[in-house]
Protein chains: 2
Amino acid sequence: MQILDQLDHKILAVLQDNNMTSQREIGDAIGLSAPAVQRRITRLREIGAIKGDISVLNPDYLGSQITIVVQVEMETDKVELIAETKRIFKNTPQVQQCYYVTGENDFLLIIVVYTMKEYEGLTHQLFFNNPGVKRFKSSICMDIVKSGLSIRIPS
Amino acid sequence: MQILDQLDHKILAVLQDNNMTSQREIGDAIGLSAPAVQRRITRLREIGAIKGDISVLNPDYLGSQITIVVQVEMETDKVELIAETKRIFKNTPQVQQCYYVTGENDFLLIIVVYTMKEYEGLTHQLFFNNPGVKRFKSSICMDIVKSGLSIRIPS
DNA sequence: GGCTGTTTTGCACTTTTATTTCATTTCCAT
DNA sequence: ATGGAAATGAAATAAAAGTGCAAAACAGCC
């Protein structure tokens, strides 16, 4: 894992906000030529500093979804069990995000479904069918106040 | 808010996975010409079905951060208080995500900081300084098992 | 059923952006 | 200072996005 310099950081800061910004525009902003910016971006992708490039959709246009925050407590902390559970959560499309955390609860999931029936099915698939799951607690999201993946970039 | 057809859905499904996909490639995949795809994408942006276009960064390249899941319980549910609290959470860069939820806790926050000292400062700024906050519970994230904003698109 | 206005499309073309090439510069390490 | 590696900018090429326009598809209406 290589070290990134200030220019890389500035480029990343721009791209994590808007990756349609042209190389020329970025270059003007940070004092580099467009090709220099392009080579740095290529490198940032190659080394994996940029994991991907996506459009962020407005869920309102895709029918009404229900966002649910789920806290999952496991019976034990056996490595193999945790690893398998992670694998299952990761491969479930409705699971938008999954955090393995300290404290009473072991997992925190952000789940997005279209109907409560769909969610009920999911709970069987993800929790009731997993003997390692001791209990889970669901909270319905009334408002997604803030949503994103941006991280503050040290300058 | 207009209705989207199957072709729009397919375009959105591609873009939320990789928005660098060329219009020609999308067109080939769904049976449209590149210009037709371009016009649809333009429209999807205009109406706000596409909220933005971003690069997803790998945090590992930006120094070691700490991801913390925070559950916040409020004293009361006064509209004005909740609204102001939402505003504060939304405008704090370290707050990556904020959900207003049902149940015992009112807010769920995903917070990303670089040091525990930074987090301690944040807790004062966000919680101790807010008389509406009754209590908050922090869980340290040991593993970001899955992270993203994708939603399943009905086909 | 056929007509008409509207919308969407594909093709050809223009413009913009990304990418490559290459000579020059910068930056270290010696 | 000096040689070598890495990064840069200018110029040229390649690729993609965006535009104009005529044709096709479609919906509503007589």
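On the principal axes of its Cα set, how long, how wide and how thick is region B:6-47? Give whole Å, largest value first.
24, 20, 19
Can you give the accessible area buried between chains A and B, summed over both chains, with a 1.4 Å probe, in Å² to the nearest 100?
Working: alone 11110 and 11120 Å², together 15440 Å².
Buried area between the two chains comes out at roughly 6800 Å².
Using just the helices of chain A, give the 222 nm mean residue ellipticity in deg cm²/dmol: DSSP H runs with n ≥ 4 each add -39,500 (n - 2.57), and the total is spread over all residues, rounded to 500. Could you put the intermediate results ahead of the total?
Details: 5 runs with 51 residues, N = 155.
My calculation for chain A gives -9500 deg cm²/dmol from helical runs alone.
Rg(Cα) of the protein assembly as shown divided by 2.2 N^0.38 Å?
1.05
Return the whole-Å distance between the Cα centroid of region A:133-147 and the Cα centroid of region B:1-34.
What the calculation gives is 31 Å, centre to centre.
Counting only residues 5 or more places away or on other chains, whose amide H sits under 5 Å from the amide H of B:Val133 once H atoms are built in the peptide plane?
Counting only residues 5 or more places away or on other chains, the set is B:Glu75.
Taking amide H atoms as placed 1.01 Å from N in the peptide plane, list the residues 5 or more away in sequence, or in a different chain, whose amide H sits under 5 Å from that of A:Gln97.
Those lying under 5 Å, H to H, from A:Gln97 are A:Ile110.
In nm, what does the list of distances from A:Ala83 to its counterparts in the other copies look like, shortest first, when each label sits 7 Å along Cα to Cβ?
Between copies, matching label points for A:Ala83 lie 5.2 nm apart.
What whole-number value in Å² describes the accessible area per residue of chain B for a 1.4 Å probe?
50
Calculate the spin-label point distance for B:Tyr114 paired with A:Glu75, positioning each point 7 Å from the Cα along the beta-carbon direction, and give it in nanometres.
4.5
What list of ³J(HN,Hα) values in whole Hz, one per residue of region B:103-119 in order, does the Karplus curve 6.51 cos²θ - 1.76 cosθ + 1.60 (θ = phi - 60°) give from phi, with Gly and Pro shown as x?
x, 4, 8, 9, 10, 10, 10, 10, 10, 10, 10, 9, 9, 5, 5, 4, 5
Over chain A, what is the relative contact order in percent, taking alpha-carbon pairs closer than 8 angstrom and at least six residues apart? Walk me through the intermediate numbers first.
On the way: 155 pairs, mean separation 39.6, N = 155.
About 26 percent, as a whole number.
Roughly speaking, to the nearest percent, how much of the protein assembly as shown's 1.4 Å accessible area is carbon and sulfur?
52
Could you give, in nm with one decimal, how far A:Ala29 is from each other copy of that position, shortest first, with labels 7 Å out from Cα toward Cβ?
Result, one decimal in nm: 2.7.
If the label for B:Glu120 sits 7 angstrom from Cα along the Cα-to-Cβ line, what are its distances to the same label in every other copy, in nm to one decimal, shortest first?
Those separations, rounded to one decimal, come out as 4.9 nm.
In this model, which of A:Lys86/A:Lys117; B:Lys90/B:Lys146; A:Lys134/B:Lys146; A:Lys10/A:Lys86; A:Lys51/A:Lys146; A:Lys51/A:Lys78 are farther than 25 Å apart at the alpha-carbon?
Result: A:Lys10/A:Lys86; A:Lys51/A:Lys78 exceed 25 Å.
Towards the positive end of the charge dipole of the protein assembly as shown, with charges on Cβ (+1 Lys, Arg; -1 Asp, Glu), say which of A:Asn58, A:Ser22, B:Leu149 has the farthest Cα.
A:Ser22
Calculate one ³J(HN,Hα) per residue across region B:23-33 by plugging θ = phi - 60° into the Karplus curve 6.51 cos²θ - 1.76 cosθ + 1.60, and present them in order as whole Hz with x for glycine and proline.
Those phi angles translate into 4, 4, 5, 4, x, 4, 5, 10, x, 9, 6 Hz.
Once amide H atoms are built 1.01 Å from N in the peptide plane, which residues 5 or more positions from B:Lys51, or in another chain, come under 5 Å H to H?
A:Val56, A:Leu57, A:Asn58
Hey, what did region B:6-47 get for relative contact order, percent, Cα under 8 Å, at least 6 apart?
Over region B:6-47, the number comes to 32 percent.
Report the residue, chosen from A:Leu122, A:Leu108, A:Leu32, that carries the largest GNM mean-square fluctuation when chain A is represented by alpha-carbon nodes joined by springs under 10 Å.
Answer for the Gaussian network model of chain A: A:Leu32.
Would you mind getting me the FRET efficiency between B:Arg39 and A:Thr21? Use the beta-carbon distance for r and R0 = 25 Å, nearest 0.05.
E(calc), rounded to 0.05, equals 0.65.
Considering only DSSP states other than H, G, I, E and B, which GluC sites (Glu not before Pro) in region A:61-95 qualify as loop sites with at most 16 other Cβ atoms within 10 Å? Numbers along the way, then the final one.
Numbers: sites: A:Glu73, A:Glu75, A:Glu80, A:Glu84; in loops: A:Glu75.
Those satisfying the criteria are A:Glu75.
Could you give me the ³J(HN,Hα) list for region A:38-53, computed from phi with Karplus coefficients 6.51, -1.76, 1.60 and θ = phi - 60°, whole Hz, x at Gly and Pro?
Result, ordered by residue: 4, 5, 5, 5, 4, 5, 4, 6, 4, 7, x, 5, 9, 7, x, 9 Hz.
Using a ≥ b ≥ c from the Cα gyration tensor of region A:30-144 (square roots of the eigenvalues), is it rounded, prolate or oblate, where a/c under 1.5 gives rounded and otherwise the larger of a/b and b/c decides, a/b for prolate?
Note, shape of region A:30-144 comes out oblate.
In debye to the nearest 20, how big a dipole does the protein assembly as shown give about its Cα centre with +1 on each Lys and Arg Cβ and -1 on each Asp and Glu Cβ? It would help to have the intermediate numbers written out before the result.
Values: 34 positive and 36 negative charges, 100 e Å.
It works out to roughly 480 debye.
Please compute the net charge surrounding B:Thr92, taking Lys and Arg as +1 and Asp and Glu as -1 over other residues with Cβ under 15 Å from its Cβ.
Values: positive: A:Lys146, A:Arg152, B:Lys86, B:Arg87, B:Lys90; negative: B:Glu84, B:Glu118, B:Glu120.
Its environment carries a net charge of +2.
The values are calculated or read from the model by the stated rules, or taken from the named source; none is laboratory data. No experiment lies behind these values; they were computed from the predicted model shown. Backbone-built Cβ (ideal geometry, glycine too); neighbour counts: all protein chains shown. When the accessible area is computed, the model is the full protein with side chains, heavy atoms only, and any ligands, DNA or RNA have been set aside. Shrake-Rupley method; radii C 1.70, N 1.55, O 1.52, S 1.80 Å.
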